């Protein structure tokens with residue numbers, strides 16, 4: 001059976017997670033305010049300001065705020081390095097936030 005283009009090819013189950021995120025963009029050396037949308041042990045979807053110059057392949061560092069997902073408690077203990085894998089400029093929100101998908105450098109739990 002072949003998978004169509006709309007098939008979800010993610011390795012890890014995603015969980016909703018709404019919390020603040022400190023989003024450090026290594027290429028510019030700047031930090032941006034962000035908000036998490038969902039998370040898995042392999043990565044995260046966050047909303048960053050539309051002015052953030054993010055692009056796939058760029059290294060970032062994330063520090064999550066307090067949240068209610070005990071399976072991801074380690075994400076609040078320390079910053080986590082990641083790589084931008086998707087920037088969805090087509091789905092930019094009216095409020096000026098840009099959906100950014102990132103893959104963690106090391107799986108987290």
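The values are calculated or read from the model by the stated rules, or taken from the named source; none is laboratory data. What you see is a predicted model; the values in this text were computed from it and never measured. When we count neighbours, we look across all protein chains shown, and the Cβ atoms used for this are built from the backbone with ideal geometry, even at glycine.
Within segment 53-64, track down each residue that is surrounded by 14 or more Cβ atoms within 10 Å (Cβ to Cβ) and at pLDDT 95 or above.
Across segment 53-64, the qualifying residues are 54, 58, 59, 60, 61, 62.
What tally of residues in segment 84-109 results from selecting those that are surrounded by 16 or more Cβ atoms within 10 Å (Cβ to Cβ) and either at positive phi or within 12 Å of the chain's Cα centre (by Cα) (or both)?
Counting residues in segment 84-109 that are surrounded by 16 or more Cβ atoms within 10 Å (Cβ to Cβ) and either at positive phi or within 12 Å of the chain's Cα centre (by Cα) (or both) gives 8.
Residue under question is residue 28, and the condition is that it be surrounded by fewer than 17 Cβ atoms within 10 Å (Cβ to Cβ) and out of contact with any strand residue (DSSP E or B) (no Cβ under 9 Å at 6 or more places or on another chain); does it hold?
yes
When the residues of segment 70-83 are filtered to those that are at pLDDT 80 or above and more than 10 Å from the chain's Cα centre (by Cα), which remaining residue is surrounded by the most Cβ atoms within 10 Å (Cβ to Cβ)?
Filtering first and then ranking leaves 80.
I'd like to know if segment 35-50 contains one or more residues that are under 19 Å from residue 108 (Cα atoms), in contact with a helix residue (DSSP H, G or I) (Cβ under 9 Å, 6 or more places away or on another chain), exposed (fewer than 13 other Cβ atoms within 10 Å of the Cβ) and touching a residue at least 24 places away in the same chain (Cβ under 8 Å).
No, the conditions are met nowhere in segment 35-50.
For segment 73-105, give me the residue count where each residue is in contact (Cβ under 8 Å) with a residue 12 or more places away in the chain and either part of a loop (DSSP other than H, G, I, E, B) or closer than 18 Å to residue 31 by Cβ (or both).
The total comes to 19.
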